[in-house]
Structure formats: C-alpha cells, structure tokens
C-alpha cells in the first residue's frame, strides 16, 4: 500500500505498520496549507481502507516537523463572516478527527519545530516521541488567535486545565524536557534515536503493552474536574490571564471562555465550541492587525534578504567609534554574533564604560544559559578597546557612534577615511542628521551610509540603513547583510533629517506639546496613550530617551521641515531642559526617578514640575481620551504618508515594521498604515480636517486624500 503526494507520502514498513511522512514539495518547512490538508484527507481515506493496517508512524522529511498553518492563506478565510470562518475550521477538524479515529495506534516522531497546527496534529496522535532538539507550542495568541484545530480540546484533556491555559494563553514554545514534565509528550530521546524510539513505542501499543485505546478515550472525553473544581480553576485562570493580556489582547480571554464552555463536553461538541470562539477571535481587529504584522515582517525580511544577496564583500571585522553605552551595545551585538570588533574612543573612561556594557550583556546571556562562561570570555576578548586610530587598519566596516553633533562627526569621518582601505564602508549611527550632509568633504562618499541602531541596542530589533544621495548599492547591500548577521531587522530608507522613524516620531511629540500648551496634564496624556497601547506615554518616553537629546533632535527636525515642525511657542520639554531636568539620566524630567532594588530608575510623580511648566502650559483643560489620541496620532500618520509619497520608505510593510520594531508602536494596532485602514480612510480624513486649526502637521497629504476618495486603505479596500 502506497500513497505519494506533493506534501504527504504513505510507506508500508511491514508488520502492518505504515509511515505517514510530511515533506512539502518546494518548501524548506512543512506547513498545514490548504493543499496539504486536502492531501491529508485523501491519505487518511487510503489508510482507513487498508485492511492490513495495525499501526501508524507519523514523521517529517524535513529538519522541522510542521511549523503550523499557512498564515498567508488566512486573509481570504478571515474575510468571511464569523459563522463561515467557524464552518471552515470545523471542516478541517472533521478530517483531523477521521485521522485520530483510525482503528490503530498512532505514534508521532517530533524531530524539530512543531508549532500551532502542527502540534495540534501531534496532539491527535496517541503517543508523542520528541527529539531533544525539538520545540513544541501553540503560538497562535501572537497572531491575535488561539488554537482552532482541536488544540484547546485535546491539550486540556492531556495535561490538565492549568497547564493547558498557560500554554495556550502565553503562546510560548516549550523545550523537550519542559514538554515531557507537563505531560504533553511521552518520551524524549536524542535525534539519532528518534525514529527507533517512535517505532518501539508503536510496537508496544500494537502488542497491547501500551493501552492506547484507554488513552484515546480520555483524550476525547470531558475535562476531569467536578463543578466546584471547574469554577475555581476557571475563575483563577480568567483573573490571571485577563490581567496579563489586558483589554487590548482579547484572544487569551476568548480561549479561556472557550475552555470553560466546552469543559463538560466530549470531543465533537467541544470542537464545535472551539470553532465558534476561534471565529470570534479571528474577526477581531487585533487579529487582523497582528496577522498583518507577521506578513509585513516576512515581506521586510524578504526585502532585506534581497539586499543581502547583492553584497559582494563579506564584512569580517568591524570598528566602533565612540564607546559608552551605545558603542558598547553595538560592539556586543557584533561580537556576540561572531564578528571581531575594534572599539575606539578618545578617553579611557569611555572605553571602560563600553567594555563594561558589553561584559554586562554577555554575563546576562550566561545567567540565562544561552552562553557558557568560556564563550563569554572568548566573545569579550574579540572586542579590542583602543585609543589609537591606527588599530582601524584592516577593518571592513566602521560604525560611528560619537556625540550627535554634525561638525564633530565630520571631523571624525575625515580622519578615519585617511586610515582605512578604499573599500571600507563608513557608517554613521546618527539618529537625525542627514547622511548627505555628513558626507560632505569625504573623498569616497559612495562608501558612506547611515546605520541607525535603536537604544538599547541589544533589545531593539530594528536597524535603519540610510542610503545617502551618493551611497553605492554595494555599500548599502553590505551594511544590510551585516545588520542581519548581527541579528537585527534592517530596513533601507532614503536620506532626510530624522530618516524615517524619528522623522515620524517627532510630529507625535509635537502633538503632545500642543496638548500641554492648550492646558492638558502630561500625566493624563501619558495614561491615555499607554491605554492606547504604547509601552510608555510621550512624557515618560522623553524622560527615557533624554530630554536634551529630544530637544536637540527636535531642532534638527525643525530645521529640516520648518513649515510644520518649527513650533511658534516654547515647549514644555525645552523648559525642563533649561531647568536641568534631563530625564532618567539626571534623576528628574517630567517625573522623578530613584533607583529600585535592582538599581533601575523607578518613576514617581514630582509636584514641583507643574510650577516649572506654569509659564508654558495653558489653563487646565479637560480633554477626552479620543481627543488626546487624535492630537498625538494624526500628525504621526500624516508624516508616515509623506514619507511614502517621497520614497523615504519603500512600502507600508517597511513603514509599519519600522515603527513596531523601532519605537514600540502597539503591535495589536499593526502599525500606522494598519491604524489608518482600521480607523477608516474617510473617517481619518474627517478627523484630521477637524484639527486643521492645529497647523500643517494635521493637514492630510495628497496620498491619504486620494486613498479616502477611492475608498481604499494601505492594505484593504473599504466597503
């Protein structure tokens, strides 16, 4: 008996054992896409008709088992109404149930990543044997969803409600030992022994020494909790998970409600409940946005990979100019990914600070078990601190991270260009200053680019690679490839003051300053914008960034875009800087800061601030949350659209990922372009026009007006 498809094959191994192998043609990984699911239904039909079948072994022909459903197919499915989405999910579940109900024991060999729908399929098997190198999990909540192919039903009956709720609501991957401890898998073996161990388990089940029928009955029954136990368990789960998820992420709460509703039901009616709740989650704006983020991330990675393929020269050695926290963070990021670094500064104290930062970050990796002490020592030794420019000879890339002053940077570049090879790329980590302007005076401006890291370097995934007016494609490609090698997500942007991320961030700050001028309380604005989804409100963010840094950058923006970014009033932030309040680094800004038990700055209200701001804050005025959001967000979205119009950023994908990864735009809102779409193009235009008295920052650019007139968004067509 054989079956050969494009995703699945059936092989007769003798003794009545058949192997079902997943190996999707033309793909590096297995996915449960529509074609695979259709093929699986045919294969299950062949198995059901096989009179000599005594046992089924499920394997993968790839380095992973199955990474999940094909997210790229979700758009068409989720465009339907809730009942239609539920029906489609239930149709898949019927096929998985037919697979689960085959009248023989089923053992799966999990050889690599087994996530989402892939793990749900594994849960439909009677026994799971897992490689020590494999990972399992249900990450659907990261897309605003929860498992819809039977995962909530089967996992809760397998490992208990408490464990299942945590697995489903957090979406975290589990290593083999953790999965075994919770009871999600039955055995863990070395990769070389996986097939042998899975076959041995299958033979034990076939012989009757493992009671697979009893296990199947348990998996398909009700939750083993009485009424009071259920009430206590679900009350606790809802309180804990609801508090962690918050109102902006409904999927975890919907998952728990689904579990509670189906707890007393056997498999098939429980799967009906799961399908209905899954459809509710799928139709939320959060799911649309978070799936959009995944798709955008894939598009950005594909674009970066295309740039990387253009790189004709590998960067084998890097120099960082300017130590301190930023320089040390960049040096750590390169060295930790295998690239030796020369870190140059003009002061021993700065070098000590930079090496200390790198050492601290490496020590954290050791504490987390991600690096051995020997690896830490070796990595730290690959960072060479120096006061001498001569040490730069032979480096392939120089990353400048000195003080944010154009004249200082130009002087450094002029000196460095004389000392490095003709093919050496020089990159500036400037956050706002035009790359074209900084390249003035260089003899090889084609080898000069921007490479803007975000602080803290080790945590922020984004790097903006800025293509100056004379930057060569080869220099841009090599820099993109290096950013990828450092574990970052690079986006290529064209040159202008602030580039992309900071250019659109400062209109957001301008909206905040305008609110204060008109009598809003900064703490209230922070609370509203944090409820909107930002990790911190604008006042708190400026305290973290550094008030003097924010004022300096605002000046650069105002000089570059005077028609809309030059305020005609003194801002509250300027007043606080003049008073010596620079934010966390000085212990006081909009808020006061004292070290907590771990030495990290702890925010507290400071009543003296209101007196300092009295001259620039208007008569106290109550603003609704909707007004606060509009005043802050409309300028940001408008500036994103201007950047797209001007070609500063290539696509809505790059724009949204830039904001998500660079400044923490709320993931459940999907980015500024997705936010425009979900607000509704015409509704956004009406909102902006209603704020026209606030100045040109609130004036929608032509692109947005045209989109609204055509009834289309960046990603969607309205109506």
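The values are calculated or read from the model by the stated rules, or taken from the named source; none is laboratory data. As the structure is a prediction and not an experimental result, all values here were calculated from the model. FYI the Cβ positions are ideal-geometry reconstructions off the backbone, even for glycines, and counts take in every protein chain you see.
Selection within the stretch 594-632: residues that are in a strand (DSSP E or B) and within 29 Å of the chain's Cα centre (by Cα). The member of this set that is nearest to residue 508 (Cα to Cα) is 603. Checking each residue of the stretch 207-214 against the condition of being assigned by TED's automatic domain parsing to the domain that holds residue 139, closer than 30 Å to residue 255 by Cβ and surrounded by fewer than 16 Cβ atoms within 10 Å (Cβ to Cβ) gives no match. The requirement of being over 22 Å from residue 423 (Cα atoms) and more than 30 Å from the chain's Cα centre (by Cα) is satisfied by residue 352. On the given criteria, is residue 291 buried (at least 17 other Cβ atoms within 10 Å of the Cβ) and in a helix (DSSP H, G or I)? The answer is yes for residue 291. None of 243, 299, 304, 270 is out of contact with any strand residue (DSSP E or B) (no Cβ under 7 Å at 6 or more places or on another chain), part of a helix (DSSP H, G or I) and buried (at least 20 other Cβ atoms within 10 Å of the Cβ) except 270. Of the residues making up the stretch 679-694, those that are surrounded by fewer than 18 Cβ atoms within 10 Å (Cβ to Cβ) and outside any helix (DSSP H, G or I) are 680, 690. In the stretch 187-215, the qualifying residues are those that are part of a loop (DSSP other than H, G, I, E, B) and more than 42 Å from the chain's Cα centre (by Cα), and the one that is farthest from residue 131 (Cα to Cα) is 208. For residue 650, the conditions (1) in a helix (DSSP H, G or I); (2) at pLDDT 95 or above all hold with the exception of (1).
Go over the candidates 404, 417 one by one and state the one that is within 22 Å of residue 452 (Cβ to Cβ), at pLDDT below 95 and not in a helix (DSSP H, G or I). Of 404, 417, the one residue that is within 22 Å of residue 452 (Cβ to Cβ), at pLDDT below 95 and not in a helix (DSSP H, G or I) is 404. Within the stretch 223-232, is there a residue that is touching a helix residue (DSSP H, G or I) at 6+ places or on another chain (Cβ under 9 Å), under 23 Å from residue 58 (Cβ atoms) and in the same structural domain as residue 16 (by TED's automatic domain parsing)? For the stretch 223-232, residues touching a helix residue (DSSP H, G or I) at 6+ places or on another chain (Cβ under 9 Å), under 23 Å from residue 58 (Cβ atoms) and in the same structural domain as residue 16 (by TED's automatic domain parsing): absent.
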